[in-house]
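Asks: Let me give you the structure first, and then I'll get to my questions.
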Amino acid sequence: MRLNIRAVALCVALLVNQGASAVDLPQRWVSAGGALSEWVSALGGESKLVGVDTTSQHPESLRALPSIGYQRQLSAEGVLSLRPQILVGTEEMGPPPVLAQIRSAGVQVELFSATPDLPTLRGNLQHLGQLLGTEAEAAQLFDRYQKQLTQQHTRVVEAQRKQKAPGVLLLVGSSGGKPLVAGKGTSADWLLQQAGGHNLATHGGYKSFSVESLAGLNPDVLVFADRALSGEEARAALFRENPILSSTRAARDGRVMELDPTLLVGGLGPRLPQSLVELTAGFYPVESATAP
Amino acid sequence: MTALVKPRTLFIGLGVLCLLATWLSLALGPVSLPLLDTLRAALRLLGLPVAVDGLEQAELILGQIRLPRTLLGLAVGGVLALSGVAMQGLFRNPLADPGLVGVSSGAALGAAFAIVAGSALGGVPEAFGPYVLSLCAFLGGLGVTALVYRLGRRNGQTHVATMLLAGIALTALSGSAVGLFTYLADDATLRTLTFWNLGSLNGASYARLWPLLLVSAGVALWLPRRARELNALLLGESEAAHLGVNVEALKRELVFCTALGVGAAVAAAGMIGFVGLVVPHLVRLVAGPDHRVLLPASVLAGASLLLLADLVARLALAPAELPIGIVTAFIGAPFFLYLLVRGRA
């Protein structure tokens, strides 16, 4: 009997202890920003998420969570109705008066930078790790990520020693038939560079492009980042509508690739290295295939 | 067109509707509060001594989120509908809306300038952001309207038809300038611009509310004093002049009040279509064309419609939110069609 009481006391003490450490860390999370939500999940915080914004589409299970709308257009009461303890998002999250209202309701609001570079990512992961109580995992995750990007860099340098960097154009959102081309300074441009492609576009931002000048640039590879354009059929239709597009070298050689458009939003995400590997493989086809 | 209901019945009905809409706007939202808590928090906001126990959340939601939002909705809805009446009276055309004198497109131009130029200059300090946007939108609306008015004046007289055409031309011109800003904008800025164009009462705060409340109260008190002159104007400009109305002064006042009211509303809540065009129509269908009834009744009807639309905007996709511009047309247009069809039968 005495032993029993002791056992119960021990159990209670353990429970209380666990409870105490859990209270310090926020348990109900709302996350805005695709890449950020992915990192929260990767760091084991998925079960703590009670709501995400419309850009958080990965991992698949996040889509089942309540949607707080578009990250720039949050509603204070909507977010509060999920009774979160913390709201994490990129600097794009807003509008500012709504964030102030959410803060004044006692919810911790944490902003993360979406700049696509490794020092930013290191800081973001560290911060997330602290908030989730998984600092060790965060450090590990970052090391692995850094290694993957270094390997990627080596791969590109090696490939470029043997082959010329291909001229690439990345097209998004061609719902009206006219594709937007990713120019300098965009996250798409950065992605193409990392994959070893040479972005032929010289303008800044995403601009609609006349099909004629697009053909004049004559890209070796076309990359489509648009959900509406995934699949052979949709692309075939686009080429039918824009005959000049199909006369480009890329279309003739069948070097047309797909990229998940969610990779272009919200900074470096966990799925990036794998996509870079695939892009590089497409940019630099294996020698033996072309060798006589 | 004669009145379907007596003015007194109409005002009682609209008054009740407006109070009901106000209460619903305070009591309902994505966060569900017990009715009793809402009541007690509302009483506390009115300054009555009510025990605070367990009321912090209700008080915060009600006082900091729902009340400013409700006040914003009342002011914006009322002033948009009122400006609609003023414009329809001025142009003696039921198809006129406040956009005709260029105030909406001017405000859109000002906002686009603030959003795009602000982000190109590395962003305005976060604390000033909303103020700069509102101020630019307000000044844009006022500026373009002043220009339209100037272009309509010849030999000391304002030609309404010329003003109308000038308004159309300047609206097109502002539209192309907004298009140019849109082209120059980056992806994120573009999104902000799109959402601004759909309007929203989201994120209302007292600091940004006061200027609008002052302006709309001023306009709402001033315009009904011109009801008789507006009635005379219905007969025609020269007829009104013969009846002793100072037509030039009246036109100037109408344009100025509209520019001020709509400019302030758009600056605070973005573009919210439909209210200014259709609410005066709705009221006219029910109450007849007498401006003594039409003006105050439109204020009540516009405010109620906007609050109810905002309620839908908040609740339909909760915890996310719809832009209110989508909802006003979605609720109002079918109702308007119903009245039209019923009126013909």
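Asks: Would you confirm, using the coordinates I've provided, whether B:Phe195 is within 14 Å of chain A (Cβ to nearest Cβ), touching a residue at least 12 places away in the same chain (Cβ under 8 Å) and assigned to a helix (DSSP H, G or I)? It would help to see each step written out before you state the result.
Replies: Details: within 14 Å of chain A (Cβ to nearest Cβ): yes; touching a residue at least 12 places away in the same chain (Cβ under 8 Å): yes; assigned to a helix (DSSP H, G or I): yes.
Yes, satisfied.
Asks: Given the criterion small (Gly, Ala, Ser), farther than 25 Å from B:Trp196 by Cα and surrounded by 20 or more Cβ atoms within 10 Å (Cβ to Cβ), identify the matching residue among B:Ala297, B:Ala320, B:Ala303, B:Ala309. Before the answer, list the steps.
Replies: Working: B:Ala320 fails: farther than 25 Å from B:Trp196 by Cα; B:Ala303 fails: farther than 25 Å from B:Trp196 by Cα; B:Ala309 fails: farther than 25 Å from B:Trp196 by Cα.
Going through B:Ala297, B:Ala320, B:Ala303, B:Ala309 in turn, just one is small (Gly, Ala, Ser), farther than 25 Å from B:Trp196 by Cα and surrounded by 20 or more Cβ atoms within 10 Å (Cβ to Cβ): B:Ala297.
Asks: Out of all the residues in region B:169-192, which are touching a residue at least 12 places away in the same chain (Cβ under 8 Å) and under 24 Å from the mean Cα position of the chain (by Cα)? Before you say what the answer is, go through the steps one by one.
Replies: Residues of region B:169-192 that are touching a residue at least 12 places away in the same chain (Cβ under 8 Å), as a first pass: B:170-171, B:174-175, B:177-178, B:181-182, B:184-186, B:188-189, B:192.
Correct list: B:Leu170, B:Thr171, B:Ser174, B:Gly175, B:Ala177, B:Val178, B:Thr192.
Asks: Within 14 Å of chain A (Cβ to nearest Cβ) and within 18 Å of the chain's Cα centre (by Cα) - does that describe any residue in region B:303-310? Even if it seems obvious, please write down each step before you answer.
Replies: Of all residues in region B:303-310, those within 14 Å of chain A (Cβ to nearest Cβ) come to B:310.
When the remaining residues are screened for being within 18 Å of the chain's Cα centre (by Cα), the result is B:310.
Checked against the condition, which is being within 14 Å of chain A (Cβ to nearest Cβ) and within 18 Å of the chain's Cα centre (by Cα), region B:303-310 yields at least one hit.
Asks: Still on this model: Looking at region A:50-70, which of its residues are under 26 Å from B:Leu60 (Cα atoms) and at the interface with another protein chain (Cβ under 9 Å from one of its Cβ atoms)?
Replies: A:Gly51, A:Asp53, A:Pro66, A:Ser67, A:Ile68, A:Gly69, A:Tyr70
Asks: All but one of (1) modelled with pLDDT of 85 or more; (2) part of a loop (DSSP other than H, G, I, E, B) hold for A:Lys178, so report the exception by its number.
Replies: Going through (1) modelled with pLDDT of 85 or more; (2) part of a loop (DSSP other than H, G, I, E, B) one by one, A:Lys178 breaks only (1).
Asks: Restricting to region A:203-228, name every residue that is under 12 Å from A:Ser247 (Cα atoms), of a type outside the set (A, V, I, L, M) and either in contact with an Asp or Glu (Cβ under 9 Å, 6 or more places away or on another chain) or surrounded by 16 or more Cβ atoms within 10 Å (Cβ to Cβ) (or both).
Replies: Selection gives A:Pro219, A:Asp220.
Here's the yes/no breakdown for (1) among the small types (Gly, Ala, Ser); (2) in a loop (DSSP other than H, G, I, E, B):
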residue	(1), (2)
A:Gln27	no, yes
A:Val30	no, no
A:Ser41	yes, no
A:Glu77	no, no
A:Pro97	no, no
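Asks: Sticking with this structure for a sec: Applying the selection to region A:261-274, what residues are assigned to a loop (DSSP other than H, G, I, E, B), at pLDDT 85 or above and not hydrophobic (A, V, I, L, M, F, W, C)? Don't jump to the end; show me each part of the working.
Replies: If we filter region A:261-274 for residues that are assigned to a loop (DSSP other than H, G, I, E, B), which is where we start, we get A:265-271.
Now drop any that are not at pLDDT 85 or above, which leaves A:268-271.
Within region A:261-274, A:Gly269, A:Pro270, A:Arg271 qualify.
Asks: Determine which member of the set A:Gly89, A:Gly106 is outside any helix (DSSP H, G or I), over 20 Å from A:Gly34 (Cβ atoms) and within 14 Å of another protein chain (Cβ to nearest Cβ). Give the steps one after another, and end with the answer.
Replies: Details: A:Gly89 fails: over 20 Å from A:Gly34 (Cβ atoms).
Within the list A:Gly89, A:Gly106, the selection yields A:Gly106.
Asks: If I filter region A:43-72 down to residues being outside any helix (DSSP H, G or I) and hydrophobic (A, V, I, L, M, F, W, C), which single residue comes out as farthest from A:Gln140 (Cα to Cα)? Don't jump to the end; show me each part of the working.
Replies: At the first step, the residues of region A:43-72 found to be outside any helix (DSSP H, G or I) are A:43-45, A:49-59, A:65-72.
If we keep only those that are hydrophobic (A, V, I, L, M, F, W, C) as well, we get A:43, A:49-50, A:52, A:65, A:68.
Numbers: A:Leu43: 10, A:Leu49: 22, A:Val50: 26, A:Val52: 25, A:Leu65: 28, A:Ile68: 31 Å.
Step by step, filter region A:43-72, then rank; the result is A:Ile68.
Asks: Under 7 Å between Cβ atoms, which residue pairs at least 6 apart in sequence (or on different chains) link something in region B:117-134 that is part of a helix (DSSP H, G or I) with a partner that is of a type in the set (A, V, I, L, M) and modelled with pLDDT of 70 or more?
Replies: B:Gly118/B:Val132; B:Val132/B:Ala114; B:Leu133/B:Ala111; B:Leu133/B:Ala114; B:Leu133/B:Ile115; B:Ser134/B:Ala267; B:Ser134/B:Ala268
Asks: Do any residues in region A:104-124 that are closer than 30 Å to B:Gly203 by Cα have Cβ atoms under 6 Å from those of residues that are assigned to a helix (DSSP H, G or I) and of a type in the set (S, T, N, Q), where the two are at least six apart or on different chains, and which pairs are they?
Replies: A:Phe112/A:Asn124; A:Ser113/A:Thr120; A:Pro116/A:Ser187
Asks: Answer yes or no as to whether A:Leu264 is crowded, with 19+ Cβ neighbours inside 10 Å, away from every other protein chain (no Cβ under 14 Å) and of a type in the set (A, V, I, L, M, F, W, C).
Replies: Numbers: crowded, with 19+ Cβ neighbours inside 10 Å: yes; away from every other protein chain (no Cβ under 14 Å): no; of a type in the set (A, V, I, L, M, F, W, C): yes.
Taking the combined requirement at face value, the residue does not satisfy it.
A quick yes/no check of all residues on (1) polar (S, T, N, Q); (2) touching a Lys or Arg at 6+ places or on another chain (Cβ under 8 Å); (3) crowded, with 18+ Cβ neighbours inside 10 Å; (4) assigned to a loop (DSSP other than H, G, I, E, B):
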{"position": "B:Leu180", "(1), (2), (3), (4)": "no, no, no, no"}
{"position": "B:Leu201", "(1), (2), (3), (4)": "no, yes, yes, yes"}
{"position": "B:Leu213", "(1), (2), (3), (4)": "no, no, no, no"}
{"position": "B:Gly218", "(1), (2), (3), (4)": "no, no, no, no"}
{"position": "B:Leu221", "(1), (2), (3), (4)": "no, no, no, no"}
{"position": "B:Glu229", "(1), (2), (3), (4)": "no, no, yes, no"}
{"position": "B:Ala240", "(1), (2), (3), (4)": "no, no, yes, no"}
{"position": "B:Ala249", "(1), (2), (3), (4)": "no, no, no, no"}
{"position": "B:Glu253", "(1), (2), (3), (4)": "no, yes, yes, no"}
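The values are calculated or read from the model by the stated rules, or taken from the named source; none is laboratory data. Please read all numbers here as calculations on a predicted model, not as lab measurements. Note: ideal-geometry Cβ built from the backbone for every residue, glycine included; neighbour counts use all protein chains shown.
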